[in-house]
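The values are calculated or read from the model by the stated rules, or taken from the named source; none is laboratory data. For clarity, every value in this text was computed on a predicted model and none was experimentally measured. Virtual Cβ from ideal backbone geometry, glycine too; neighbours counted across all protein chains shown. Areas reflect the complete protein model, heavy atoms only, side chains present, ligands, DNA and RNA absent. Shrake-Rupley method; radii C 1.70, N 1.55, O 1.52, S 1.80 Å.
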Amino acid sequence: MTVAGLERGAAWLVLAFLLVGANLIGNLSAYAYAVVLLAMLPVLLWDGTMRARMWRPAALLYALAFLLLLLAFALSARQVSDLQYAGNFVFFLLFIPAVALLSSNAGVRASEQFAWLALIGAAAALGVGFYEVHIQGLRRAVGFVNLTNPFAMMSVMLGFLSLIGVFARKDLLRWAFLLGPIFGGGAAILAGTRAAMVMMACLSVLFVLYSAFTLKGRERNIVFAGTALLLLAAIAGTAFFASNLRAFSAFETLARFFGQGEAIDTSTEIRLNLYYGGLRAFLDSPIFGHGWWRHVEAAHPYMTDYVREHTQLWSHLHNDYINFAALAGVMGLASYVIYMSVPVVGAAKAPRDSQYAPRLFGGLVLATCYAVFGLFDVSFSMEILLGFGPICAAALLGFCVDEPPGS
């Protein structure tokens, strides 16, 4: 096998683990594509073309995000071993080999191929959820080597990322990708994650607005009609099943909190305590935070006795923004902003080839998912979500292009 053939095969393997394997093997998928990327690193460094493709502005930004967290951990460390927690974010650096490796399979149909893999991944997530709830008898779907909330977020992400195909294809087959949000949403409902419902609402609005600007005439009308039907189904589901399906109670929870200022259940009460405690912990150390684990300890004095006892062994504050603020201060928040903005900025600044519209939509979906989910939970306590962001961004910026740099 030639070096080029080895690179192409490894690139397909990374994409398969990233998109199809995500909710089939859970956190193992992140380790699987990380192993492939690390194993291919010597090959990429030996190949002059690949070496040149690694170093682009997006790669430097992910490196900066990692270095900001490393420095924050160093400044808050009480002992040298505290620096080991920066290793949780090494996936930021894996963007660098990933964007080069995945470019080996770039081509004019790459966005469509990405969309098909995402659709298969969303369908697999629904299958796993159905099996666990209706055959195994679990109360909520959790996936394999996974947890409920990451499983739901990943399902929704895969479902809406498959909509890239709507903008990549020009024939009737493009409408098959509308199944993606249905598959992903179904899996999220089986997981019973309320934040996933809010994600779906925001992503549906994003899809409609993006379609209004990029599609025309009959195509745009089909999108509007399909989204309207999905919205009506969601409203009906909320009305009839909110009391039985935990996921549908998201909007009731938000309405009662903002309308009456009270928590609807114990879970919401705990989160509000975590948020308040995290903000106070941030104010106690606003520049570099308190470090891994100790940021929760620093928040405990500002919580009620019940919540403090209930969260003694917790490692995060159930909100990405507050978590990064308490964990690493302003430096952590800057790292988080970089993490979310690179896919969008990178796609927007890329050459306007035939895949510009689907690539930009993918970047917007990726950023929106992390931004919305981060309001209600953390995306960085599980490897599946921690690694997905930068490697998916590498796929969008390196794979979903007509021609990679240096071709």
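Would you confirm whether or not the range 387-394 contains a residue that is touching a residue at least 40 places away in the same chain (Cβ under 8 Å) and farther than 18 Å from Phe66 by Cβ? Checked against the condition, which is being touching a residue at least 40 places away in the same chain (Cβ under 8 Å) and farther than 18 Å from Phe66 by Cβ, the range 387-394 yields no hits at all.
Cβ-Cβ distances below 6 Å connect the following pairs, each with a first residue in the range 255-278 that is more than 19 Å from Tyr321 (Cα to Cα), a second residue that is of a type in the set (A, V, I, L, M, F, W, C) and at pLDDT below 75, and a separation of six or more residues or different chains: Arg256/Ile264.
Looking only at residues that are touching a residue at least 60 places away in the same chain (Cβ under 8 Å) and farther than 18 Å from Gln84 by Cβ in the range 281-330, which one is surrounded by the most Cβ atoms within 10 Å (Cβ to Cβ)? Among them, the one singled out is Leu317. Residues in the range 26-66 that are touching a residue at least 60 places away in the same chain (Cβ under 8 Å), in contact with a Gly (Cβ under 7 Å, 6 or more places away or on another chain), assigned to a helix (DSSP H, G or I) and open to solvent by less than 40 Å² (accessible area, probe 1.4 Å): Ser29, Ala30, Ala34, Arg53, Ala58. Assess whether Gly374 counts as being closer than 30 Å to Gly48 by Cα, of a type outside the set (Val, Ile, Thr) and either out of contact with any His (no Cβ under 6 Å at 6 or more places or on another chain) or open to solvent by less than 10 Å² (accessible area, probe 1.4 Å) (or both). So Gly374 fails the test. Candidates in the range 192-203 are the residues that are open to solvent by 10 Å² or more (accessible area, probe 1.4 Å) and modelled with pLDDT of 90 or more; of these, the one that is farthest from Gly159 (Cα to Cα) is Cys202.
Of all residues in the range 156-173, at least one satisfies being without any contact (Cβ under 8 Å) to a residue 40 or more places away in the chain, among the charged types (D, E, K, R) and part of a loop (DSSP other than H, G, I, E, B). Evaluate the following for Ser76: is it closer than 23 Å to Leu386 by Cβ, polar (S, T, N, Q) and in contact with a Phe, Trp or Tyr (Cβ under 8 Å, 6 or more places away or on another chain)? Taking the combined requirement at face value, the residue satisfies it.
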